[in-house]
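> Structure below; questions to follow.
Only the coordinates and a few stated rules stand behind these numbers; no lab work does. Since the structure is predicted, the reported quantities are computational estimates derived from the model, not experimental observations.
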Amino acid sequence: MGFLKGSPTVTRYRIVDALPEDYTQEFIGERLRKHCFQDIEDSAEESSSGWAELLDGFSCSFREGSYSFGPNYAFSLRLDQRRLSSKILSRYYAMRETEFAAKTGRRPNSVKRKELKEALRNELLRKTLLATDLYEVVWLTGRSELWLAAAGEKLRSLFEDHWARTFGLSLRMLVPVTIGLELLDEKGRLRLLDLKPSLFQ
């Protein structure tokens, strides 16, 4: 679940770099538009990802006011995917190979098999419906924090890659230890770092 519905799973990040002066609201919008989601509805592509608006995941116009909320920003990482089962591909390829043999009187060689399978795969992918997932992102500029409404490693990696290409600002994921280190004084930090795991009985 995301921020807009239900109880979200959240990954928190600290933006390590100081925000450059030219990172105005207009600049942020321009960067989001430049790296926005690209539609693959009429293609054979398996997946596509990019930024989309928070309140309308099917819009990437990023009009003024659609991504800025006071000093903060909010948008979504949109991920569209097609999943083609290997069993379906195998079934239809067997039929395609039989058709080829009936027409030519011979079985396809390895080069032809690869060509037939690739053509069939693209054909089936074009007929496969897309699934859309939206993962909300909240940028708290006053705290130099980003909140991502997702927690899986693969998704975090996708998000971090898009973030780096879009804004070029370094991130550090916030986990309980790093949050504790930020809140404690020097003596407390040393004690925290010196802790050893133990079993509760």
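> Mean projection of the alpha-carbon convex hull of the stretch 86-127 over all orientations, in nm²?
If you wrap the Cα atoms of the stretch 86-127 in a convex hull and average its projections, you get 2.8 nm².
> What's log10 of I(q)/I(0) for the stretch 1-118 at q = 0.14 Å⁻¹, Debye sum over Cα points only, no solvent?
-0.76
> For the stretch 47-88, take N as its residue count and report Rg(C-alpha) divided by 2.2 N^0.38 Å.
Its radius of gyration relative to the 2.2 N^0.38 Å reference: 1.60.
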